[in-house]
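Q: First, the structure itself, so that you have it in front of you.
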Amino acid sequence: MFSIKLGEVEERKMTIRERIEFSYSNLKNILRKVGPYIVVAIGIGGFIHGYVPQDIVKSIMKHTGFFSVSFAVLICIPLYSNSAGVLVSMDIALAFMMAVTALSFPEFVILKQVMKSKLMAIFAVTVGISIITEGYLFNLLF
């Protein structure tokens, strides 16, 4: 299905200065592509943290019932967050922490550099379903 073409590449010895310049150039390229998404996501997260009372989030999660794990996975997609946040229950928190890392917009911007759109969609659906399933299984087992 996929073919990989490899050719011979001559490895060039780089000085420390060249390595630093190369690294700096790559850093600038990555920040230019991913940076705006991270800033927007941090802004959304900051707004939610500062202006949306925690009780409202808990209430929404309680009222979504069976779909609370799925809801937690969906609301994390536009966010860029660390894993320190704790939600209503352990199954929801676990699903949220995994999804915010694996399914965030900045993650897809990075993956776009090495994956085609169809493969990214397959990845997103597979990982999303896996995380949701894990959340429900965790809830059933514990």
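Q: Hey, can you find the accessible area per residue of the range 98-142 for me, probe 1.4 Å, expressed in square angstrom? Present the calculation step by step, with values, prior to reporting the outcome.
A: Working: 2880 Å² over 45 residues.
Value returned for the range 98-142: 64 Å² of accessible area per residue.
Q: Compute the FRET efficiency between His63 and Thr126 as 1/(1 + (r/R0)^6), taking r as their Cβ-Cβ distance and R0 = 22 Å, and round to the nearest 0.05.
A: Numbers: r = 29 Å, r/R0 = 1.30.
Efficiency, rounded to the nearest 0.05: 0.15.
The values are calculated or read from the model by the stated rules, or taken from the named source; none is laboratory data. These numbers come from a predicted model, not from an experiment. In this analysis, Cβ positions are derived from the backbone assuming ideal geometry, glycine residues included, and neighbour counts consider all displayed protein chains. Just so you know, the surface numbers come from the protein's heavy atoms only, side chains and all, with ligands and any DNA or RNA stripped out. Shrake-Rupley method; radii C 1.70, N 1.55, O 1.52, S 1.80 Å.
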